[in-house]
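Derivation of every value follows stated rules applied to the coordinates shown; laboratory data play no part. Every value quoted in this text rests on a predicted model; they were computed, and no experiment measured them. Every residue, glycine among them, receives a Cβ derived from its backbone with ideal geometry; neighbour counts consider all protein chains shown.
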Amino acid sequence: MNAETIFHVDHLDLFYGDKQALKQIKMDIKRNKITALIGPSGCGKSTFLRCLNRMNDLVDGCKVSGTIELDGNDIHSTQMNVVDLRTKVGMVFQKANPFPMSIYDNIAYGPRCQGIKSKKILDEIVEQSLTKAALWEEVKDRLQESAFGLSGGQQQRLCIARAIAMEPEVILMDEPTSALDPISTSKIEEMAMELKKDYTIIIVTHNMQQAARVSDETAFFLMGEMVEFDETKKIFQQPSDKRTEDYITGRFG
Ligand SMILES: Nc1ncnc2c1ncn2[C@@H]1O[C@H](COP(=O)(O)OP(=O)(O)OP(=O)(O)O)[C@@H](O)[C@H]1O
């Protein structure tokens, strides 16, 4: 496996009961890049994203086969600890889901669960995580207030900070800005472009301008198949597959 590849995916099939939602997906996802997953509703983007940290294990009747390697290690092998996997591969959802506790405790929760008790270390983790998520300046004087008092965009950045506090390698984002206004959206996009220095980001988006603005590589999914995967510029300016062209030019979807 190439050193710049973080996820190697091959022959990936996924069934929900009898219904096949992913068909023979093959992708090498690059480290320290932003990869966008695009395609019409129901094509399998979120399903694919959830495969990468085995979130689909939680879905009854879901069967996965094929290979997914993270840093060369098979994530389905018996040696793989799923808690460790989800620590390495964090996730941010469409709707911000802060815990019902203070801003500080939202960030400190995960590190505390990992056994970190020192207030000094927790303070540092909270400040660094909020800084990386471009939220520190806005909340540093109200860390003990409830996270529910934050705006939707701030709550989403808090959730990203909470993922960062676990020191992941990868952050999966499932339509993280679809519920946000344009200013909050652009803050998250700028932050994602900063974060890729330290992390690999994989983002599902319905917003094609967003994919074009922020991502380095883009994969186009259609009816459970990964039709085309290439540099974002190529996908948007010179797609190889007619179906990709039809989608990005708005002819369907
Ligand atoms: N838990 C589930 N049980 C059964 N079928 C499911 C489940 N989750 C998703 N599906 C089906 O799998 C297919 C892919 O769904 P998925 O949510 O991955 O698509 P998507 O491309 O992310 O769609 P959207 O853009 O609307 O979020 C759809 O047909 C969907 O109905």
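Determine whether residue 204 is in contact with a Phe, Trp or Tyr (Cβ under 6 Å, 6 or more places away or on another chain) and aliphatic (A, V, I, L, M).
No; evaluated as a whole, the condition is false for this residue.
Suppose we filter 145, 138, 167 for residues that are surrounded by fewer than 23 Cβ atoms within 10 Å (Cβ to Cβ) and within 30 Å of residue 6 (Cβ to Cβ); which single one remains?
Result of the check over 145, 138, 167: 167.
Could you list, in sequence order, the residues of the stretch 164-179 that are within 14 Å of the ligand (Cβ to nearest atom) and touching a Leu at 6+ places or on another chain (Cβ under 9 Å)?
172, 173, 174
Each row is one residue, and each column tells you yes or no for (1) more than 13 Å from the ligand (Cβ to nearest atom); (2) surrounded by fewer than 17 Cβ atoms within 10 Å (Cβ to Cβ); (3) under 23 Å from residue 229 (Cα atoms).
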site: 25; (1), (2), (3): no, no, yes
site: 40; (1), (2), (3): no, yes, yes
site: 80; (1), (2), (3): yes, yes, no
site: 87; (1), (2), (3): yes, no, no
site: 91; (1), (2), (3): yes, no, yes
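Evaluate the following for residue 161: is it within 16 Å of the ligand (Cβ to nearest atom) and either surrounded by fewer than 20 Cβ atoms within 10 Å (Cβ to Cβ) or under 16 Å from the mean Cα position of the chain (by Cα) (or both)?
The answer is no for residue 161.
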